[in-house]
Amino acid sequence: MLGLMQDQPLLISGLIDFAERHHADVEIVSRRVEGDIHRYTYKDAAGRSRQVANALDAMGLQFSDRVATLAWNGYRHFELYYGVSGSGRVLHTINPRLHPDQIAWIANHAEDQVLCFDMSFLPLVQAVHARCSTIRQYVALCDADKLPADTGIPGLVSYEAWIGQQPSSYHWPSFDENSASSMCYTSGTTGNPKAALYSHRSTTLHAYAAALPDVMSLSARDAVLPVVPMFHVNAWGIPYSASLTGAKLVFPGPALDGKSIYELIEAEKVTYAAGVPTVWQMLLGHMKPAGLKFSTLKRTVIGGSACPPAMIAAFNDDYGVEVLHAWGMTEMSPLGTLCTLKNKHQSLPDAEKMKIRLKQGRSIFGVDMKIVDAEGVELPWDGKTYGDLHVRGPWVVREYFKGEGGSPLVNGWFPTGDVATIDADGFMQITDRSKDVIKSGGEWISSIDVENIAVAHPAVAMAACIGVAHPKWDERPIVAVVKKPGAEVTREELLKFYEGKTAKWQIPDDVVFVDAIPIGATGKMLKTKLRELLKDYKLPA
Ligand code: AMP
């Protein structure tokens, strides 16, 4: 017997319809590429999303055709999120930090038909357009009068001219909620990138889950600043969850430096922000010397890489901002776990609470996880035993676009490539990417632990730990360190700093001072590159 509830597909267009109907006057504020601040409302955004849909219809674009973007977080990008997916096409957000050859490769692989780009990326588009064989319309996200006369890009139009002639009325089509809605290529360090292809159903369910009190806890009383880019895993789903809850949206555009972000938080009374640790490091780096404080910010989600304990403590103790440590990946839409305490933890001493907050957190309903050994046997949840982290759920990838790489699943579970522990309360802690874990004398050393201690030293800006071959122990950890400008610390001082903070055998054998640590397109440290740079390195005798 089937239930007798209405059979209404979960579609992305439903989110913007809802925001328009119930939160019409709520603001969406954007810092534009031009540098000024643009503000309008969900009602305006909904109307212009429908103009986008009409513009795509006018081009004769078919259901599931791909429309690509190379854009910062801003209101036009937001309109494309809804206009493209809502009308049944697939939004392909391209990461502009990728190498131009890779951008051309993925645009061709995705068979993009349209490319909408911010003017910051004009030189990039000029460099790659001749190699993008499927794109038939280039759209610059600007006013008509901002379009330079001769760009060399055939048929280039401004976004405002492109949608300007279109009506703002449109009937969003209804279709199978399992239809593809958007796609994002992974920043895989080996082989060609592979795309996660999200559906309307997975995106809507993820938007619901992300808004929950123990997840992002988004509400109509929030002003949310997604610093995490809309070109990488849909800004962690915030553009969807904000419409679902009616939260005010504040988009930072290209200005991600500490000063610009701080000013935006204060001017727009942001209560909630989300980003990767490097962005928050720049923000705190700006605030501390100037003695600045937040007047409205209450919570921040930090993920994408492990959040250093020193950062959690600084936000909490110095600024009264709660840090929610999050973990996820492109293949998971992206949210998997979030670290919020349970009721029984409320009365713990601060130091005990901090130990929990450092973990990546517990599963969101919709993500099932387990840790397994090399044979695939499930390991215990004791907070100590390490294993390969596997996940499954309705917003976890089943297969990559065009079946690239074959089936990624193992017995129905997706192997994340992360190594983790899970404690008895279900709190997961990542210790490493499986390829970064250091094996010393048969024991594993977590490179994240080694890095966290180094960055807790006041003179250290950034640290990356890698294993180097050792005749007796197999591998030993060393840590590459970037010093803060003007700060001094010696190798010996830093090694001494480890004493008492970790087991003796987990202290790195050496400190190598470097000017910079290579960072990939999604802001994560590129350890493969670092290993290459240090290939001639020899451990001290
Ligand atoms: P991406 O698909 O580019 O978003 O990368 C996903 C990977 O980033 C995960 O598999 C983890 O290795 C890493 N990652 C994401 N969030 C965290 C976190 N909070 N702590 C440690 N690693 C993380």
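Could you sort out which of 384/484; 344/504; 359/484; 288/504; 484/524; 259/484 sit more than 29 Å apart by Cα distance in this structure?
On the way: 384/484 33 Å; 344/504 33 Å; 359/484 26 Å; 288/504 33 Å; 484/524 19 Å; 259/484 18 Å.
From the list (384/484; 344/504; 359/484; 288/504; 484/524; 259/484), the Cα-Cα distance tops 29 Å for 384/484; 344/504; 288/504.
Among 109, 165, 264, which residue has its Cα positioned farthest towards the positive end of the charge dipole of the chain, with +1 placed on the Cβ of Lys and Arg, -1 on the Cβ of Asp and Glu, and the dipole taken about the Cα centre?
Towards the positive end, the residue furthest out is 264.
Given H placed 1.01 Å from N in the peptide plane, which residues other than close sequence neighbours of residue 251 have an amide H under 5 Å from its amide H?
Result for residue 251 returns 29, 30, 31.
Which FRET efficiency value, to the nearest 0.05, do you get for residue 39 and residue 169 by plugging their Cβ-Cβ distance into 1/(1 + (r/R0)^6) with R0 = 30 Å?
Working: r = 24 Å, r/R0 = 0.79.
My answer for the efficiency is 0.80.
Within 10 Å of each residue's Cβ, count the other Cβ atoms and sort 81, 262 from fewest upward.
Values: 81 28, 262 19.
Arranged by neighbour count, lowest to highest, 81, 262 become 262, 81.
Quick one, what does Rg over Rh come out to for region 38-77 if you take C-alpha atoms and the Kirkwood Rh?
Working: Rg = 11.8 Å, Rh = 11.7 Å.
Rg divided by Rh gives 1.01.
In region 364-387, which residues have a backbone nitrogen under 17 Å from the label point lying 7 Å from residue 409's Cα in the Cα-to-Cβ direction?
Counting backbone N atoms under 17 Å from the label point, the list is 366-370.
Across region 69-77, in residue order, what do the Karplus-derived ³J(HN,Hα) couplings come to in whole Hz, using 6.51 cos²θ - 1.76 cosθ + 1.60 with θ = phi - 60° and x for Gly and Pro?
Calculated HN-Hα couplings, in order: 10, 10, 8, 7, 7, x, 5, 5, 4 Hz.
Between the alpha-carbon centers of region 189-221 and region 296-355, tell me the distance in whole angstrom.
18
Over all alpha-carbon pairs of region 308-421, lay out the pair-distance distribution in 10 Å bins, whole %, shortest bin first.
Histogramming region 308-421 at 10 Å steps yields 12, 38, 31, 15, 4, 0 percent.
Suppose R0 equals 35 Å; then what is the FRET efficiency for residue 144 and residue 539 from their Cβ-Cβ distance, rounded to the nearest 0.05?
On the way: r = 61 Å, r/R0 = 1.75.
Efficiency, rounded to the nearest 0.05: 0.05.
Residue by residue through region 27-38, which ³J(HN,Hα) values in whole Hz follow from phi under the Karplus form 6.51 cos²θ - 1.76 cosθ + 1.60 (θ = phi - 60°), with glycine and proline marked x?
Karplus values, whole Hz, x for Gly and Pro: 7, 10, 10, 9, 7, 8, 4, 5, x, 7, 9, 10.
Does region 1-99 come out rounded, prolate or oblate, given a ≥ b ≥ c as the square roots of the eigenvalues of its C-alpha gyration tensor, rounded meaning a/c under 1.5 and, failing that, prolate meaning a/b above b/c? Before the final figure, lay out each step's value.
Working: a/c = 2.03, a/b = 1.32, b/c = 1.54.
The shape class here is oblate.
Compute, for region 314-386, the length of the dipole vector about the Cα centre, with Cβ point charges of +1 (Lys, Arg) and -1 (Asp, Glu) only. Units Debye, rounded to 20. The partial results should precede the final answer.
Values: 9 positive and 11 negative charges, 50 e Å.
Using Cβ point charges on Lys, Arg, Asp and Glu, region 314-386 gives about 240 debye.
Test of understanding: ordering 232, 206 by Cβ neighbours within 10 Å, fewest first, what list do you get?
Values: 232 22, 206 28.
Fewest-to-most ranking of 232, 206: 232, 206.
Starting from the Cα gyration tensor of region 47-188, take the square roots of the eigenvalues, sort them a ≥ b ≥ c, and report rounded, prolate or oblate (rounded when a/c is under 1.5, otherwise prolate if a/b is larger than b/c, else oblate). Spell out each step's value before the answer.
Numbers: a/c = 1.78, a/b = 1.17, b/c = 1.52.
Judged from the Cα gyration tensor, region 47-188 comes out oblate (a/c at least 1.5, b/c at or above a/b).
Could you work out how far apart the two model spin labels at residue 108 and residue 384 are, taking each label as a point 7 Å from the Cα in the direction of the beta carbon, and quote it in nm?
5.4
Can you tell me the length gained on complete extension of the stretch residue 8 to residue 488, counting 0.36 nm per residue apart and subtracting the Cα distance?
Details: separation 480, 0.36 × 480 = 172.80 nm, distance 6.20 nm.
Taking residue 8 through residue 488 to full extension adds about 166.6 nm, to one decimal.
Looking at the square roots a ≥ b ≥ c of the eigenvalues of the Cα gyration tensor of region 436-533, which shape do they give, rounded for a/c under 1.5, prolate if a/b is larger than b/c, or oblate?
Working: a/c = 1.84, a/b = 1.17, b/c = 1.58.
Verdict is oblate for region 436-533.
As an exercise, identify the GluC sites (Glu not before Pro) in region 303-398 lying in DSSP coil whose Cβ has no more than 13 other Cβ atoms within 10 Å.
Working: sites: 322, 331, 352, 375, 378; in loops: 375.
Filter output for region 303-398: 375.
What is the magnitude of the charge dipole of region 436-533 about its Cα centre, with +1 placed on the Cβ of each Lys and Arg, -1 on the Cβ of each Asp and Glu, and no other charges, expressed in debye to the nearest 20? Walk me through the numbers on the way to the answer.
Working: 13 positive and 14 negative charges, 27 e Å.
The calculated dipole for region 436-533 is roughly 140 debye.
Sorted from fewest to most neighbouring beta carbons within 10 Å, what does the list 131, 76, 221 look like?
Details: 131 14, 76 27, 221 11.
In increasing order of surrounding Cβ atoms, one gets 221, 131, 76.
What FRET efficiency comes out for the pair residue 529/residue 1, r = Cβ-Cβ distance, R0 = 41 Å, nearest 0.05? Write down the numbers at each step before the final one.
Working: r = 58 Å, r/R0 = 1.42.
Here the calculated transfer efficiency is 0.10.
Enter the Cα centre distance for the pair region 449-487 and region 29-107, rounded to the nearest angstrom.
What the calculation gives is 40 Å, centre to centre.
Determine the gain in length on full extension of the stretch residue 505-residue 134; use 0.36 nm per residue of separation and subtract their C-alpha separation, reporting nm with one decimal. Could you put the intermediate results ahead of the total?
Working: separation 371, 0.36 × 371 = 133.56 nm, distance 5.50 nm.
Extra length available between residue 505 and residue 134 comes to 128.1 nm.
Divide by every residue of the chain the summed helix terms, -39500 (n - 2.57) for each DSSP H run of at least 4, and state the resulting mean residue ellipticity at 222 nm, rounded to the nearest 500 deg cm²/dmol. Please report the intermediate quantities before stating the final value.
On the way: 16 runs with 149 residues, N = 541.
Taken over the chain, the calculation gives -8000 deg cm²/dmol.
Using +1 at the C-beta of Lys and Arg and -1 at the C-beta of Asp and Glu, which of 537, 91, 371 has the Cα lying farthest in the positive direction of the dipole of the chain?
The Cα lying farthest towards the positive end belongs to 537.
Among the lysines, which fall within straight-line cross-link reach of residue 194, defined as a Cα-Cα distance under 16 Å, with same-chain neighbours fewer than 8 residues apart omitted?
402
What are the ³J(HN,Hα) couplings of region 521-527, residue after residue, when phi is run through the Karplus curve with 6.51, -1.76, 1.60 and θ = phi - 60°? Round to Hz, x for glycine and proline.
Result, ordered by residue: 5, 9, x, 9, 5, 9, 6 Hz.
Report the full-extension gain for the segment residue 342 to residue 424: residue separation times 0.36 nm, less the Cα-Cα distance, to one decimal in nm. Let's see the in-between values first.
Working: separation 82, 0.36 × 82 = 29.52 nm, distance 1.25 nm.
Net length gain for the segment: 28.3 nm.
List the chymotrypsin sites (Phe, Trp or Tyr not before Pro) within region 451-541 that fall in a DSSP loop (any state other than H, G, I, E or B) and whose Cβ has at most 13 other Cβ atoms within 10 Å.
Answer in residue order: 537.
For region 19-369, what value does the Rg/Rh ratio take when both radii are computed over Cα atoms and Rh is the Kirkwood radius, given to two decimals? Could the numbers behind the result be given before it?
Working: Rg = 20.0 Å, Rh = 20.8 Å.
Rg divided by Rh gives 0.97.
Rounding to the nearest 20 debye, state how big the charge dipole of the chain is about its Cα centre with +1 on each Lys and Arg Cβ and -1 on each Asp and Glu Cβ. Walk me through the numbers before you get to the answer.
Numbers: 53 positive and 60 negative charges, 84 e Å.
Roughly 400 debye, rounded to the nearest 20.
Select from 247, 316, 285 the residue farthest towards the positive end of the dipole of region 242-319; place +1 on Cβ of Lys and Arg, -1 on Cβ of Asp and Glu, and compute about the Cα centre.
Working it through, the farthest residue towards the positive pole turns out to be 247.
Rule-based calculations on the coordinates, nothing more; no lab input. Since the structure is predicted, the reported quantities are computational estimates derived from the model, not experimental observations. In this analysis, Cβ positions are derived from the backbone assuming ideal geometry, glycine residues included, and neighbour counts consider all displayed protein chains.
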